[in-house]
Structures are given as structure tokens and as C-alpha cells.
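As C-alpha cells, the structure follows; a few thoughts come after it.
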Amino acid sequence: MTDAELRKAALAVLRKNRHGAYTVPAIGLYPYQWCWDTGPIVLGWASVGEWDHAWGEVDRLFSAQWPSGMVPHIVFWEESPDYFPGPDVWATGRQPPTTGLTQPPLPVSAAARLFAADPDAARARERLSLLWPRLVAWLRWIERARTGPHLAAVVVHPWESGMDNSPAWDEPLAATPQASHRHLERRDTATVSAKQRPSTLEYRHYLGIVNALKKKQWDTEHQVDDSPFAVEDPAFTAITARAASDLAEIADAAGQDASDVTRIATQARAGLAGLWDDELGWYRAYDVRAGKPTGPATASGLVALYGGVDGAHAQKMVGRLASWSDAVKYSVASSDPHGAGFDPIRYWRGPVWVLVNWLVADGLRNAGLTHEAERLRTETRALVEQGFTEYYDPRDGTGIGGQGFSWSAALTLHWLTEPEPPPDR
Ligand code: GLC
């Protein structure tokens, strides 16, 4: 497939998924605006020159920001019968209706990239200056309300990690209350095989945590104490560190003050370092409730690379990763194929995700591991050439999960058909 053919196919997916002033992750399966998906999606729009879509979708997301600074993980811009749990279950009382959880702050880094790459410098400066206080407020909220014992970022629900049913959460999730069957009206398994989705038991726990936080009136300042699930997450921490340092880098050019974001970046990087597990040779989640590290080596630990890590740690992880290839053909499996809980077709328990590959490749490049980064890019291209599915079986590359998935298409436009990241302004 030529670059032009691939771009055309990817753009067709994004256009189809664009809905009003935002782009849904996948028609039917995910019919609203999702928080961290907005990051890669706007990079896709920017790479085809659709700057109004790109800036506009970031603005749209931030227009649903909570007074605390939290940016919600789903914004329910309109009603849809296709998704559970919908706004009535969350009952956050917000307008527009949103969930009461967040997701990794990728849209912050996306805004920084838009600023650096927008050919219209005046527009870039104007759009960014309107967004700046909101971007910083989100990061300050993470710093204030979501810092754990190692100074890493705490997620209070597996959904906040974006890697919903990763084996990294198995232990802490098992200790949370379960909602009754009566409260489960899953819609996801209407379009995707149940074997490729989280289990019903996991959903009962997911809803059990939602109920617990709802009882506390969605008090976003105290969720680390309120939630039965509280885990320091390497990927969330890395993405926070990077978001803050991306803002720090452009602060001068944007005419903004870098002090808050510089402090946040330093703290988050220290937090990430605190999650290194030398015996495992990997960054590892820490269960705040149980007071111990938890789970096998997963994509979350590898995404630490994206936040900027010690070179020796990067080398060690790459060495370990090489041993995965005797069990799977395509990188990066979302969980260690030799580890507990691995399942090659079940969502975040094994399948390859384009977003993870992009974050990891970016981190590898920054760690000077350019050969490994390029290899990952080539492998990812082979996957998306077969279609822009939600994820891929790491054994043979079969596309599975949702069809016509926005970030698989958007990152193809942004990453796989462009030789270099956009130059700094
Ligand atoms: C799933 C994914 C999450 C993503 C969402 C929308 O819940 O686990 O990472 O943001 O779908 O694509």
C-alpha cells in the first residue's frame, strides 16, 4: 500500500467518525467525546491541515472541564442508546453531562504540538493563550488531588488509566465492591465479541467503584481517599510528566509562565522513577490501598518511556521486551505474554494498540533507541494496512475490537506516513 492510499483510507475513517464539533472514537461502540482519544485525534486532523477541527476539538473537550480543573473522561454531548454506563448512571450533575473520572492528559501535549506545528503562528498563539489556563489547571489538579506516596499519579478507577482491564489492575480491582447484576446493561458486547471485551465480573467491579464515588458526590478533591481503588499508574504518570514538560518547552514562545508546569514535570518524573521495579526490570503500578507494588509487566510500565526515563532502565525494558517475541509476532503486546492474566484477544490483556506503540516509539526515540523505534513504526504500519481496528491480535496481527477506530486512523496520518515529528517553532 502506498502512503497516499493509506492516508486516504485513514482520513475516510476520521471523516466518518466526525460528529458535530468532535470525533467519536468509533461509531456505535463509543458514541461520545472521549478525553485521551482527543489527543491523537486532533494530531490526525492537524496532519491533514484541518486546523479548525484540531483546535476546535481541544476547545470542545475543555469546555466540559470541571471547576476543580479535572477534565472528564467522557463528555456526553448528546444522548445515545449505544453506550453503557450513560449519563444517568454517572449522575454527576454537570452540564454538559460528563463522567466523574478523568483520563491521561494527552490532550495537553496535543495542544502543545498544535502550537508548534500550526503554520499560522498568530492563530496558534491566540488559540493556545485561551487554552493555557485550562491546560495548567488540569495538571495542577492532578498534582494537588492525585499525587500518591511515590509522587506518581494515582488513578481511582481502571477506566482512568485508559487501559481498562489490564492485568495490572487485577489485584486491586478484586478488592473493590461489586455492583449487582441488576445494574449491568452492557451495550459493548452487542457490537464486539464478548471474548474481546472485559468480563462481566470486571464490569461489576467497575460499576461498584462508580457507585462508591457517586455516594461521595463526585468530590474530585478527595477521590484518592474516597475510592475503593487507588493505584499509582506508570503510564498516567509518564503522560502527565510529558504534558507538563511539553508546556514548559513552549512557554516562552507562547508568552506564558513556565513555573507551575516545570515543577509538575519534575515531580511527575520523580514519581515515575519511584515506580521502577529492579527485579522485574519494568515500571510497575503501586496499589495505594494495599501498600504494595502490583501486577505483571504491562504496556502501562513500558509507556513510562514516553515520560522520560533513566537510560539504563530503558535498555533493561527493551531487553525484556525482546523475550516476548518468542510468544507473539507483533509488538507491543499490552501485557507480558508470559505473565499472569495475558489473553491475546481480550482488550488490554494482550492485544496491540496503535496508541501504545506510538507512545512507546516516541519514548524509545527520546532515549536514543532509534532503531527500536523505527522497527515499531514499521510493524505498526503492517497492522494498520489491514484496517483501522481498535486493537490487533499480537500473534498474527488480526484486527479485532471496534472497526473504524479513530486513533488508529489519526495516528496513521500523524505518525506512520510522516517521516519526522513536527519541527519546534
Ligand atoms: C476504551 C479504551 C479507552 C478509550 C475508550 C474510547 O474504553 O479502553 O482507552 O479511551 O475506549 O476509545
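Quick look at the numbers
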read-out: Estimated inter-spin distance, Ser63 and Glu185, nm [label 7 Å along Cα→Cβ]; value: 2.8 nm
read-out: Inter-label distance, nm, simple model (7 Å from Cα along the C-beta direction), Asp252/Ala121; value: 1.5 nm
read-out: Rounded if a/c under 1.5, otherwise prolate or oblate - region 8-148, Cα gyration tensor axes; value: oblate
read-out: Whether region 176-252 is rounded, prolate or oblate, judged on the alpha carbon gyration tensor where a/c under 1.5 counts as rounded; value: oblate
read-out: Alpha-carbon centroid distance for the pair region 351-407 / region 204-271, whole angstrom; value: 25 Å
read-out: Computed lengthening from Thr378 to Asp310, 0.36 nm per intervening residue step minus Cα-Cα distance; value: 21.9 nm
read-out: Estimated D of region 1-55 in µm² per second, where Rh is the Kirkwood radius over Cα pairs and Stokes-Einstein applies at 20 °C, 1.002 mPa s; value: 185 µm²/s
read-out: Packing-based exposure ordering (other Cβ within 10 Å, fewest first) of Thr417, Thr240; value: Thr417, Thr240
read-out: Residues Phe62, Phe229, Phe236, sorted so that the one with the fewest Cβ neighbours within 10 Å comes first; value: Phe62, Phe229, Phe236
read-out: Simple spin-label estimate for Ala9 and Asp396 in nanometres, 7 Å along Cα-Cβ; value: 1.9 nm
read-out: Rounded D (µm²/s) - region 49-95, Kirkwood Rh over Cα pairs, Stokes-Einstein at 25 °C, 0.890 mPa s; value: 200 µm²/s
read-out: Neighbour-count order for Ile142, Ile345, fewest beta carbons within 10 angstrom listed first; value: Ile345, Ile142
read-out: Cross-link reach list, lysines versus Lys215, counting only Cα pairs under 18 Å and skipping chain neighbours closer than eight places; value: none
read-out: Mean residue ellipticity (222 nm) of the chain, computed from DSSP H runs ≥ 4 via -39,500 (n - 2.57), nearest 500; value: -14500 deg cm²/dmol
read-out: Per-q log10 I(q)/I(0), region 312-425, q = 0.13, 0.14, 0.15 Å⁻¹ (Debye; single scatterer per alpha-carbon; no solvent); value: -0.47, -0.55, -0.63
read-out: Reach of Lys16 by Cα under 18 Å, taken over lysines that are not fewer than 8 positions away in the same chain; value: Lys8
read-out: Reachable aspartates and glutamates, given that their alpha-carbon falls under 13 Å from the alpha-carbon of Lys216 and they are not under 8 places away in the same chain; value: Asp225, Asp226
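Rule-based calculations on the coordinates, nothing more; no lab input. Predicted model only: the values in this text are computed from it and were never measured. Please note: Cβ atoms are built from the backbone with ideal geometry, for glycine as well, and neighbour counts cover all protein chains shown.
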